[in-house]
Every structure is written in C-alpha cells, then in structure tokens.
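The next block holds one structure in the form of structure tokens; read it before the comments.
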Amino acid sequence: MQTTIAQKAQFRGVGLHSGAAVRLAILPAPADHGIVFVRTDLGRARIPAHWDHVTPSQLCTLLDNGRGATVSTVEHVMAALAGTGINNAVVEVNGPEVPILDGSSAPFVQGILEAGLRQQPGAPLRAIRVLREVEVQQGEAFARLSPADHLEIHFDIDFADAAIGHQEKRLDMANGSFVHELMDSRTFCRQADVVQMQRNGLALGGTYLNAVVVDGDKVLSPGGLRHRDEAVRHKMLDAVGDLALAGAPLLARYTGHRAGHAMTNKLLRALFAQPDAWEWVTLTPAMESRLPGAGVLASAARLAPRPRQLAVA
C-alpha cells in the first residue's frame, strides 16, 4: 500500500547556499498525491517534486513550478522520504531553499521516524520498472539505468585530494540499506573551492559542521569522517534523492561514474523519453518488501542511530 507520514515533522536550519534561516515541515497527504513542496512565503505556491520540474542549477537540485516559485537543495529531504518509504507528503518550506541541517539526510530520517508512518489502505503502490538500459554521458562521466527487480546503486568517484581519492561502492537498497548505510553521509567539498563558491554567491550557509571540507590529505571538519568512504556514500544518497523525482519507486540498477545532480536528471529525462524503456507495475507484497523504506518503522530504534564520527588524524 501507499504510505504517508503519520503526523507533522518540523525542522529548522539555514540554507546551504543562501545562508538564510528556514523552516521546513513534512505533513501527511492523501493517496496518489505524491510529494509536493509548498512555499508558505509565496501564498502556498505548490511545486511538484517531479523530474520535469527540475531546472538547471549549480551544485544542487532545484525545482520550479513554471509560475515563479522555486525550491532548491531538495535532494537530501527527497532521499529521506524515499529511504523511509513515504510516497505521499506535503513539504512546507518558508523560503527558496531546504535547510541543510547537518549536511546529510539523517536529521530528516530521524524526524520522519519519530513522527511515524501511516499506510493508506485501498491505495495500491505502483512502481516504474526499467525494461532496457538507458545511459547518458558527459565527457568521462556517465549515468545508467539497467533492468533489475528492485533498486540497486553502484557509484564511483575520483578526486585529486587524497582525503577523497577514488571511492567505489555498490548497494542493494532493500532491507533498510539507505538508513543503515547512507543517511548520515554529509555533503563535501574541497577547501580550494569554498572561497570561489562564496564569491559566486554559493555556500553562504556552509560551515565545517554541515559539510565535510577537505584540503589535500586533510579533513578539516571537526571530528573527521563518519565513514572512510563518506564521500561516495553521499553521492549515492544524492542519487537516491534525485531518482525519487521519478515520481514513484524505481525498479532498476543505477550506475553513476563521476555523475551529479544534473546528470541524474538528464538520465530520467532520457528514460521517460523512450516509452519502450519502462513500464508501470503494481507491486505485490513480495516486491514491496524489497523497496528502500520497507520495514524501517518496525526497527526504527535500530535503524536510526545518531550520526557518528570516524576520527581522522
């Protein structure tokens, strides 16, 4: 069955790029509603969380309703919703950017699980099954969707800074893998890029506490890393959030090589431009049991620990 949040979950923070204070709330929504952002500061303008409402933006995913209302940096809250199995919700935000919180999805996941989930009887859950391989490329980077009976993610990155370097990870997203493996991995950047981003009006709300900042072989953020491969885990987290903009769970294998937000959206556009590459399927209980959010509420205490730090010398 489709699922929504049981009661309101509220969050306060600052926008990573704007630096402005912002409040966000996730509220229940009826069956077949999907995820919709509502700008409470713009007369409750509605912005669907859907791939065809994504507009080009630097370093984040930005949604535009086509009538002047936008909301940016939606990927972490979208990943949290997908990772906890929420299909229908209203996401109220009182500004143009989602709060960055600690730079990961963990605070959103913890707030969702504390609020609880509610199944919606009589509303069967449908998914998008990929039927054949679809790929997009840009230079050395590529992103690909291949047929699979549930969501799998394979990602690799390669950075000159030794603190990141080459990292690669594969995950079967069933059995709460998002909450177990990805939710607490933070956004990251190079110290050399921080000044340039701020000169361009970006990362104005970024700190060493809501992002992993590296300089060569050093991790500058206090406490170091939460995982030795936190960078690639965060890229996978972003991919979960950006793929959630498909509008329904994906039954597919996602492969990303040096991919980012724009490329994942380009991949979804390529998929939906080819009607023979995908189909709608109504999920059986066995298929539902392999979705990323299946079973997380029943074991919330075990699945949502407080984010931890892995010390780096």
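Determine whether VAL194 is over 19 Å from the mean Cα position of the chain (by Cα) and at pLDDT below 90.
yes
Just need a number here: residues in the range 160-196 that are aromatic (Phe, Trp, Tyr) and over 18 Å from LEU16 (Cβ atoms).
Selection size over the range 160-196: 1.
Among the residues of the range 84-94, is any closer than 26 Å to LYS266 by Cβ and open to solvent by 30 Å² or more (accessible area, probe 1.4 Å)?
yes
Here's the yes/no breakdown for (1) farther than 18 Å from LEU101 by Cβ; (2) open to solvent by less than 30 Å² (accessible area, probe 1.4 Å); (3) touching a residue at least 24 places away in the same chain (Cβ under 8 Å):
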site: ARG186; (1), (2), (3): no, yes, yes
site: ALA192; (1), (2), (3): yes, no, no
site: GLN196; (1), (2), (3): yes, no, no
site: VAL214; (1), (2), (3): yes, yes, yes
site: VAL219; (1), (2), (3): yes, yes, yes
site: GLY223; (1), (2), (3): no, no, yes
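Would it be correct to say that GLY295 is open to solvent by 20 Å² or more (accessible area, probe 1.4 Å), under 21 Å from ALA31 (Cα atoms), out of contact with any strand residue (DSSP E or B) (no Cβ under 8 Å at 6 or more places or on another chain) and touching a residue at least 60 places away in the same chain (Cβ under 8 Å)?
It is true that GLY295 is open to solvent by 20 Å² or more (accessible area, probe 1.4 Å), under 21 Å from ALA31 (Cα atoms), out of contact with any strand residue (DSSP E or B) (no Cβ under 8 Å at 6 or more places or on another chain) and touching a residue at least 60 places away in the same chain (Cβ under 8 Å).
Could you check the range 36-81 and list, in sequence order, the residues that are under 22 Å from HIS234 (Cα atoms) and without any contact (Cβ under 8 Å) to a residue 24 or more places away in the chain?
Hits for the range 36-81 are THR55, LEU62.
Can you tell me which residue is surrounded by the fewest Cβ atoms within 10 Å (Cβ to Cβ) among those in the range 239-258 that are touching a strand residue (DSSP E or B) at 6+ places or on another chain (Cβ under 9 Å) and assigned to a helix (DSSP H, G or I)?
Per the stated criteria, the residue is ALA246.
From ALA80, ALA106, which residue is touching a Pro at 6+ places or on another chain (Cβ under 7 Å), open to solvent by less than 40 Å² (accessible area, probe 1.4 Å) and not aromatic (Phe, Trp, Tyr)?
ALA106
Of all residues in the range 142-181, which are of a type in the set (A, V, I, L, M, F, W, C) and either over 16 Å from ARG253 (Cβ atoms) or open to solvent by 10 Å² or more (accessible area, probe 1.4 Å) (or both)?
The answer is PHE142, ALA148, LEU151, ILE157, PHE159, ALA160, ALA162, ALA163, ILE164, LEU171, VAL179.
I'd like the full set of residues that are among the hydroxyl-bearing types (Ser, Thr, Tyr) and in a strand (DSSP E or B), limited to the range 1-51.
Scanning the range 1-51 gives THR3, THR4.
In the range 112-126, is there at least one residue being surrounded by fewer than 16 Cβ atoms within 10 Å (Cβ to Cβ), acidic (Asp, Glu) and over 21 Å from LEU182 (Cα atoms)?
For the range 112-126, residues surrounded by fewer than 16 Cβ atoms within 10 Å (Cβ to Cβ), acidic (Asp, Glu) and over 21 Å from LEU182 (Cα atoms): absent.
Can you report the number of residues in the range 81-111 which are farther than 25 Å from ALA31 by Cβ, part of a strand (DSSP E or B) and more than 15 Å from the chain's Cα centre (by Cα)?
0
Would you confirm, using the coordinates I've provided, whether PRO56 is within 10 Å of VAL91 (Cα to Cα), open to solvent by 30 Å² or more (accessible area, probe 1.4 Å) and either at pLDDT below 95 or not basic (Lys, Arg) (or both)?
No; evaluated as a whole, the condition is false for this residue.
Among (1) within 26 Å of SER57 (Cβ to Cβ); (2) of a type outside the set (A, V, I, L, M, F, W, C); (3) open to solvent by 50 Å² or more (accessible area, probe 1.4 Å), there is one condition LYS8 misses while meeting the rest; what is its number?
Here LYS8 meets the rest and fails (1).
Could we say that LEU271 is open to solvent by less than 20 Å² (accessible area, probe 1.4 Å) and farther than 26 Å from GLN110 by Cα here?
Yes, satisfied.
Could you list, in sequence order, all residues of the range 197-229 that are hydrophobic (A, V, I, L, M, F, W, C) and either at pLDDT 90 or above or part of a loop (DSSP other than H, G, I, E, B) (or both)?
Passing the criteria: LEU202, ALA203, LEU204, LEU209, ALA211, VAL212, VAL213, VAL214, VAL219, LEU220, LEU225.
The values are calculated or read from the model by the stated rules, or taken from the named source; none is laboratory data. Here the structure is a predicted model, which means the values were calculated and not measured. Virtual Cβ from ideal backbone geometry, glycine too; neighbours counted across all protein chains shown. All accessible areas refer to the heavy atoms of the entire protein, side chains included, with ligands and DNA or RNA removed. Shrake-Rupley method; radii C 1.70, N 1.55, O 1.52, S 1.80 Å.
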